[in-house]
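Read through the structure below, which is laid out as structure tokens, and then see the notes.
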Amino acid sequence: MERIKISRALIALFALAGLGIMLYLTVIHYTQDRSFCDISQEFSCDVVTTSVYSEIFGLPISILGLLYFSWILFSIFYIKGDNFFRTNFLITLFVLIPSLYFSLIEIFVIKSICVLCETSKALMAAILFIAAFDMRRREKITFRLVMPVIIAGLAVSFITYFAQTGTVVKKDYGELVQCLNEKGVIYYKSVRCSSCRRQEALLGEAYKELNSVECHPDGENPNPELCLAKNISKTPTFLIEENGREIKRAEGIQQIKNLALFAGCSASE
């Protein structure tokens, strides 16, 4: 009985730490503030949490982490006996598989590691280990038991992959971007802006040719003074300017058709 109490206490401690991490990452995602773990280009929570891979169906991945760790804390008080370890072993195994998919995305696609994200996965692995250890004292962990959970986790990983890569544009919008530039459209952005990443994903590689202004001091060739002078309160913002004078403004993510209409360009360009 004493061992069970210690196991539950450790799981509660790990879940509480994970909940704190996920809450912090969620706040960073929405406020676009700089995190304390923005160490370098290769180790940066900010690079990861502002990438197009930081969300699934418009929901930050950290929200899903919040739900998982909240469930663990909830189960500590409301699931009694052996069912506690069995239930949390299976749920954690299921959640950990898509989490490892995100680790692969960080390494091979984003090419930057979110230290806090990986710490949360280590906490999940610790919960899995403790739950499995205590579960095995009462029930054998069989291939038949875990295989459906592994298959379900892999299925979620594939769905997530296709949902996220589906946001990456396959069409060349080079002509549209050229038209935007000719119409005097200026793209005001921020290196900390997750919405900017999604806007750029809509335009594909062509976005790099946009006439743009970086508003964050940590970005490449920043010009925050100009952004203040133009009253840029949120990014992305598109301005049509003529001789430095604002003619028209569009704030937030713009779908391709809306952006073309805003500038008087053809969406098919």
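Show Ser120, Ser70 ordered by accessible area, largest first, where the area counts protein heavy atoms only and the probe is 1.4 Å.
Most to least solvent-accessible, the answer reads Ser70, Ser120.
Around the amide H of Lys248, modelled in the peptide plane, lie the amide H atoms of Ile240, all under 5 Å away and 5 or more residues distant in sequence or on another chain.
Ligands, DNA and RNA excluded, the heavy atoms of Arg86 present near 80 Å² of accessible surface to a 1.4 Å solvent probe. Within the range 81-162, the GluC sites (Glu not before Pro) that combine a DSSP coil assignment with at most 16 other C-beta atoms in a 10 angstrom radius are Glu139. Compared with the dominant Cα axis of the chain, that is its longest principal axis, helix 194-203 is turned about 60°. Using Cα-only point scatterers and the Debye equation, what is log10 of I(q)/I(0) for the range 18-72 at each q in 0.12, 0.18, 0.23 Å⁻¹, rounded to two decimals? After summing over all Cα pairs, the log10 values are -0.26, -0.57, -0.88.
The dipole here belongs to the range 146-269: it is taken about the Cα centre, uses +1 on the Cβ of Lys and Arg and -1 on the Cβ of Asp and Glu, and is about 440 debye.
Taking all protein chains together and a probe of 1.4 Å, list Val213, Val109 from the most accessible to the least accessible.
Working: Val213 20, Val109 75 Å².
Of Val213, Val109, the descending order of accessible area is Val109, Val213.
Karplus-based coupling profile of the range 48-65, in residue order and whole Hz: 6, 6, 10, 7, 5, 8, 7, 9, 9, 6, x, 10, x, 4, 4, 5, 5, x, with θ = phi - 60° in 6.51 cos²θ - 1.76 cosθ + 1.60 and x standing for Gly or Pro.
Quick one: of Lys183/Lys257; Lys111/Lys171; Lys183/Lys248; Lys5/Lys121; Lys183/Lys208; Lys121/Lys189, which pairs are farther than 20 Å apart, Cα to Cα? Lys111/Lys171; Lys5/Lys121; Lys121/Lys189, as the Cα separations exceed 20 Å there.
Rounded to a whole number, what % of the accessible area of the chain do carbon and sulfur atoms account for, probe 1.4 Å?
That fraction is 62 percent.
What is the mean projected area of the alpha carbon convex hull for the range 182-236, to one decimal in square nanometres? List each step's numbers first, then the result.
Working: hull surface 15.4 nm².
Average of the hull's projected areas for the range 182-236 equals 3.9 nm².
Placing +1 on each Lys and Arg Cβ and -1 on each Asp and Glu Cβ, with no other charges, gives the chain a dipole about its Cα centre of roughly 1420 debye.
Plugging the Kirkwood radius over Cα pairs into Stokes-Einstein for the chain, at a temperature of 20 °C and a viscosity of 1.002 mPa s, what D comes out in µm²/s?
Details: Rh = 20.8 Å.
D = 103 µm²/s.
Using heavy atoms of the protein chains and a probe of 1.4 Å, the accessible area assigned to Leu116 is about 20 Å². In the complete set of protein chains, residue-level accessible area for Ile256 is approximately 20 Å², probe 1.4 angstrom.
Computed from Cα positions, the angle between helix 2-31 and the longest principal axis of the chain comes to roughly 0 degrees. Farthest toward the positive end of the dipole of the chain, out of Val149, Thr237, Cys37, is the Cα of Val149, where the dipole comes from beta carbon charges about the Cα centre. In the chain, the DSSP-assigned H stretches of four residues or longer account for a calculated mean residue ellipticity at 222 nm of -19000 deg cm²/dmol, using -39500 (n - 2.57) per stretch and the full residue count as denominator.
Taking all protein chains together, Lys189, Lys208 sort by accessible area into Lys208, Lys189, largest first [probe 1.4 Å].
Distant-in-sequence amide contacts of Glu55, defined by a placed amide H-H separation under 5 Å and a gap of 5 or more residues or a different chain, comprise Ile61.
Mind running the shape call on the range 61-110? Use the C-alpha gyration tensor, a ≥ b ≥ c as the square roots of the eigenvalues: rounded below 1.5 for a/c, prolate if a/b tops b/c, oblate otherwise. Verdict is oblate for the range 61-110.
Excluding ligands, DNA and RNA, the accessible surface per residue across the range 24-110 is 49 Å² with a 1.4 Å probe.
Which shape class, rounded, prolate or oblate, goes with the range 138-226 when its Cα gyration tensor gives a ≥ b ≥ c as root eigenvalues, a/c under 1.5 marks rounded, and past that a/b bigger than b/c marks prolate? Don't jump to the answer; show the numbers that get you there.
On the way: a/c = 6.75, a/b = 2.43, b/c = 2.78.
In terms of gyration-tensor shape, oblate.
Note that the range 47-159 shows a convex hull volume over its alpha carbon atoms of 102 Å³ per residue.
The values are calculated or read from the model by the stated rules, or taken from the named source; none is laboratory data. Computed from a predicted model, the values in this text were never measured in an experiment. Don't worry about glycine lacking a Cβ; one is built from the backbone with ideal geometry, like all the others, and counts go over all protein chains shown. Ligands, DNA and RNA are stripped out before the accessible areas are found, and what is left, the full protein with its side chains, is counted by its heavy atoms. Shrake-Rupley method; radii C 1.70, N 1.55, O 1.52, S 1.80 Å.
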